[in-house]
Amino acid sequence: EAGVAQSPRYKIIEKRQSVAFWCNPISGHATLYWYQQILGQGPKLLIQFQNNGVVDDSQLPKDRFSAERLKGVDSTLKIQPAKLEDSAVYLCASSNTDYYGYTFGSGTRLTVV
Amino acid sequence: AQSVTQLGSHVSVSEGALVLLRCNYSSSVPPYLFWYVQYPNQGLQLLLKYTSAATLVKGINGFEAEFKKSETSFHLTKPSAHMSDAAEYFCAVSRSSASKIIFGSGTRLSIRP
């Protein structure tokens, strides 16, 4: 079984620029999550999708962050414009409804300079 | 609201010694509890999970954790540490299989030769 795929692995941008991350979950997994992990901290949920609908985006800074999951499969997370404090690892995860616990991708490390 | 508290941001043990990583949870409903491990520059890997079955849960790589409701704890142990166990460990809690997972701040485990 293929894992959760994320790209790119690393990204360096200047503040006020825009950036997009891509995630391809495990085939058949209806639920997809985006987490932000700042250095030295635990992951924090940004948004949860069930198929292509948003379940929870209460922690998503909607003035600059956006996410979509077209056709209930792949997902894209965008930041525009980026701030220095957005420097973090962005983790994507997916799960089935009858499986307790996610499968995580390797993440995208974003550095904003 | 649910939360987890990991006691000790950094734990150092000698190779072959007992590993004990502490986690206490807060939950208004019966929780589902997890331990994840993160190696440098990688995503999170599920070590083990408690889903209201047996209170002693065995995971991968020789780790186990015991759910103690009276103490609201879910400590992670391993009888004999190996150099390859050096990593960041996260305790996490969820309400159900379809709910988001909330992570603790993590404990970095170092192994002394």
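The values are calculated or read from the model by the stated rules, or taken from the named source; none is laboratory data. The shown structure was predicted, so the numbers you read here are calculated from the model rather than taken from an experiment. So basically every Cβ, Gly included, is an ideal-geometry build from the backbone, and we count neighbours across all protein chains shown.
Identify, from the list A:LEU91, A:LEU60, A:LEU110, A:LEU46, the residue that is among the hydrophobic types (A, V, I, L, M, F, W, C) and in contact with a Pro (Cβ under 7 Å, 6 or more places away or on another chain).
On the way: A:LEU60 fails: in contact with a Pro (Cβ under 7 Å, 6 or more places away or on another chain); A:LEU110 fails: in contact with a Pro (Cβ under 7 Å, 6 or more places away or on another chain); A:LEU46 fails: in contact with a Pro (Cβ under 7 Å, 6 or more places away or on another chain).
Going through A:LEU91, A:LEU60, A:LEU110, A:LEU46 in turn, just one is among the hydrophobic types (A, V, I, L, M, F, W, C) and in contact with a Pro (Cβ under 7 Å, 6 or more places away or on another chain): A:LEU91.
Taking every residue in the stretch B:30-55 that is facing chain A (nearest Cβ under 9 Å) and within 20 Å of A:VAL4 (Cβ to Cβ) and pairing it with any residue that is assigned to a strand (DSSP E or B) and at pLDDT below 85, at least 6 positions away or on another chain, yields no pair with a Cβ-Cβ distance below 7 Å.
Scanning the stretch B:67-94 for residues that are modelled with pLDDT of 95 or more and acidic (Asp, Glu) gives B:ASP85, B:GLU88.
Sort through A:LYS15, A:LYS71, A:LYS62, A:LYS44 and tell me the only one that's among the charged types (D, E, K, R) and touching a helix residue (DSSP H, G or I) at 6+ places or on another chain (Cβ under 6 Å). Quick ask: steps written out before the conclusion?
Numbers: A:LYS71 fails: touching a helix residue (DSSP H, G or I) at 6+ places or on another chain (Cβ under 6 Å); A:LYS62 fails: touching a helix residue (DSSP H, G or I) at 6+ places or on another chain (Cβ under 6 Å); A:LYS44 fails: touching a helix residue (DSSP H, G or I) at 6+ places or on another chain (Cβ under 6 Å).
Only one candidate qualifies: A:LYS15.
Which of the following residues is surrounded by fewer than 16 Cβ atoms within 10 Å (Cβ to Cβ) and within 14 Å of chain B (Cβ to nearest Cβ): A:PRO8, A:PRO81, A:PRO25? Full working, then the answer.
Working: A:PRO81 fails: within 14 Å of chain B (Cβ to nearest Cβ); A:PRO25 fails: surrounded by fewer than 16 Cβ atoms within 10 Å (Cβ to Cβ).
It is A:PRO8.
Counting the residues of the stretch A:50-71 that are within 11 Å of chain B (Cβ to nearest Cβ) and under 20 Å from A:ALA5 (Cα atoms) gives 1.
Can you pull out the residues in the stretch A:25-65 that are on the phi < 0 side of the Ramachandran plot and of a type in the set (Gly, Ala, Ser)? A:SER27, A:ALA30, A:GLY42, A:GLY53, A:SER58 - these are the residues of the stretch A:25-65 that are on the phi < 0 side of the Ramachandran plot and of a type in the set (Gly, Ala, Ser). Just wondering, is there one or more residues in the stretch B:102-110 that are surrounded by 14 or more Cβ atoms within 10 Å (Cβ to Cβ), of a type in the set (A, V, I, L, M), within 14 Å of the chain's Cα centre (by Cα) and away from chain A (no Cβ under 14 Å)? For the stretch B:102-110, residues surrounded by 14 or more Cβ atoms within 10 Å (Cβ to Cβ), of a type in the set (A, V, I, L, M), within 14 Å of the chain's Cα centre (by Cα) and away from chain A (no Cβ under 14 Å): present. Every listed requirement among (1) closer than 26 Å to B:PRO113 by Cα; (2) loosely packed, with under 12 Cβ neighbours inside 10 Å; (3) modelled with pLDDT under 95 is met by B:HIS10 save one, (3). None of B:ALA86, B:ALA98 is under 14 Å from B:LEU21 (Cβ atoms) and either among the aliphatic types (A, V, I, L, M) or without any contact (Cβ under 8 Å) to a residue 12 or more places away in the chain (or both) except B:ALA86.
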